[in-house]
1. Which semi-axes, in whole Å and largest first, does the equivalent ellipsoid of the chain have when worked out from the alpha carbon gyration tensor as the square roots of 5 times its eigenvalues?
2. Per DSSP H run of n ≥ 4, the term is -39500 (n - 2.57); total these for the chain, divide by its residue number, and report the mean residue ellipticity at 222 nm rounded to 500 deg cm²/dmol.
3. Taking all protein chains as present, what is the carbon and sulfur share of the accessible area of the chain, in % to the nearest whole number, probe 1.4 Å?
4. So with the 1.4 Å probe, I'd like the accessible area per residue for the chain, rounded to whole Å².
5. Among 30-40, 3-13, what's the highest-first ranking by average C-beta atoms within 10 angstrom per residue?
6. Kindly write out, for the stretch 32-44 in residue order, the coupling ³J(HN,Hα) from the Karplus curve 6.51 cos²θ - 1.76 cosθ + 1.60 (θ = phi - 60°), rounded to whole Hz, with x marking Gly and Pro.
7. Could you tell me the relative contact order of the chain? Use alpha-carbon pairs under 8 Å, at least six residues apart, and round to a whole percent.
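The values are calculated or read from the model by the stated rules, or taken from the named source; none is laboratory data. As the structure is a prediction and not an experimental result, all values here were calculated from the model. FYI the Cβ positions are ideal-geometry reconstructions off the backbone, even for glycines, and counts take in every protein chain you see. Remember, those area values only see protein heavy atoms, side chains included, never the ligands or the DNA or RNA. Shrake-Rupley method; radii C 1.70, N 1.55, O 1.52, S 1.80 Å.
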Amino acid sequence: MGDRPSPTLITSVQRAFRLMEVVGAHEAGAPAKRLARETGLPLATTYHLLRTLAHD
């Protein structure tokens with residue numbers, strides 16, 4: 001069947017969505033270290049994404 005090219009994915013957007021899903025699972029909030037551990041993201045990346053999401 002027709003070979004469709006794979007879509008171009010933006011990794012930072014994927015990471016942000018993953019982080020938002022984990023944040024949403026913690027109704028009372030959670031420290032950045034815990035969020036980093038649960039998402040598998042580096043702590044620095046987690047801080048950068050959280051800062052960006054909070055700003056926007």
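1. They are 27, 12, 11 Å, listed largest first.
2. -19000 deg cm²/dmol, from helical runs alone.
3. Of all accessible area on the chain, carbon and sulfur atoms account for 56 percent.
4. 83 Å²
5. Result, highest mean Cβ count within 10 Å first: 30-40, 3-13.
6. Those phi angles translate into 4, 4, 5, 4, 4, 4, 6, 8, x, 8, x, 4, 4 Hz.
7. With pairs under 8 Å counted, the relative contact order is 26 percent.
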